[in-house]
Amino acid sequence: EGPILFTTFVASLPPVFQHLYDRIPGTHPGEVEFVNVDKLASTVCSDAGVRLRVDLQASDAAMASAWKQASSVAALVKAGVTRMYAQEEIIAVIKGRGLKSAGEYLEVERTGRRMPLSRPLRVAMWDLYEGYQAQLAVRRVVDFSDRISKALEISASLPPRYRAAVIDEAQDISLIGLQFVRAMVNGSAGVDRPDGLVIVGDGAQRIYPGGYTL
């Protein structure tokens, strides 16, 4: 039925696990694929003929421009929101949760985000998000979250790529990242297998800003 996927957020871990796995007697090449989520998303998009350029420097410049130009920024600054926090909010909550409308953002629970945001501040944050997306488009780049979102869309329309997946350090992967891996196992049928996913994580060890709970 295809290989098993072993994935995690950090790019340096899969090669280590690959090396350890290869030392186990009785294993065979190709039975398990070790790759981190971002690289997997890049592969899925490339295989589908979708060319998306991720450029961290250009993404930071896009956020800087949006922060300067958005009329809503004054309200965020007055409330104590920094540009770094706003960027985390967009990546972890708006994009990380796969939110498609301001209405969804107004209703979502922002678990682990430390600073509460009132309804007017969420409206202001959504305005900043739209400005950020516009600036990314001007530069013809996307960020990692955009690429994972596109890979999720592609995977959900294709047959399963893996017969099962092990997700390690899951607390550091976004919700759309988990949904992406799930789609790689379920395919277009969208039916969960009883042995399709193993999710390993500890919320207390989360390194990156949250936005949801396992």
Worksheet, complete the sentence: Looking only at aspartates and glutamates whose Cα falls under 14 Å of residue 150's and that sit 8 or more positions away or on another chain, we get 38, 47
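For 84, 125, 115, write out the residues from largest to smallest accessible area, computed with a 1.4 angstrom probe and no ligands counted. Walk me through the numbers before you get to the answer.
Values: 84 140, 125 0, 115 50 Å².
So the residues, ranked largest to smallest area, are 84, 115, 125.
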Response to the item:
For 73, 166, the accessible-area ranking with a 1.4 Å probe, largest leading, is 166, 73
Item to complete: Let me have the relative contact order for segment 105-214, percent, based on Cα pairs under 8 Å that are six or more residues apart.
Response: 33 percent
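What dipole magnitude, in Debye to the nearest 20, does the chain give about its Cα centre under +1 on Lys/Arg Cβ and -1 on Asp/Glu Cβ? Before the final figure, lay out each step's value.
Working: 24 positive and 24 negative charges, 145 e Å.
So the magnitude is around 700 debye.
With a cut-off of 8 Å between alpha carbons and a minimum separation of six or more residues, what is the relative contact order of segment 35-147 in percent?
Details: 85 pairs, mean separation 55.8, N = 113.
49 percent.
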Discussion item. Run lengths n ≥ 4 of DSSP H only: what is the helix-derived mean residue ellipticity at 222 nm for the chain, with -39500 (n - 2.57) per run over all residues, to the nearest 500?
Written reply: -14000 deg cm²/dmol
Worksheet item: Among 189, 48, 106, whose Cα lies farthest out toward the positive end of the dipole of the chain, if unit charges sit on the beta carbon of Lys, Arg (+1) and Asp, Glu (-1)?
Response: 106
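Under the definition of Cα pairs under 8 Å and six or more residues apart, what whole-number percent is the relative contact order of the chain? Display every interim value, and only then the final one.
Details: 311 pairs, mean separation 62.7, N = 214.
Over the chain, the number comes to 29 percent.
Which loop-located trypsin sites (Lys or Arg not before Pro) does segment 128-208 contain, where loop means any DSSP state but H, G, I, E or B and the Cβ has at most 10 other Cβ atoms within 10 Å? List each step's numbers first, then the result.
Working: sites: 139, 140, 147, 150, 161, 163, 182, 206; in loops: 140, 161, 163, 206.
For trypsin sites (Lys or Arg not before Pro) across segment 128-208 that sit outside H, G, I, E and B with at most 10 neighbouring Cβ atoms in 10 Å, the list reads 140.
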Practice prompt. Name the shape class, rounded, prolate or oblate, that the alpha-carbon gyration tensor gives for segment 81-132, where a ≥ b ≥ c are the square roots of its eigenvalues, rounded holds for a/c under 1.5, and otherwise prolate holds if a/b is larger than b/c and oblate otherwise.
Written response: rounded
Practice prompt. Compute the label zone of residue 74 within segment 99-141: residues whose backbone N is under 20 Å from the point 7 Å along Cα-to-Cβ.
Written response: 118-132
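The values are calculated or read from the model by the stated rules, or taken from the named source; none is laboratory data. Only a predicted model underlies this, so the values are computations on that prediction, with no experimental measurement involved. In this analysis, Cβ positions are derived from the backbone assuming ideal geometry, glycine residues included, and neighbour counts consider all displayed protein chains. Remember, those area values only see protein heavy atoms, side chains included, never the ligands or the DNA or RNA. Shrake-Rupley method; radii C 1.70, N 1.55, O 1.52, S 1.80 Å.
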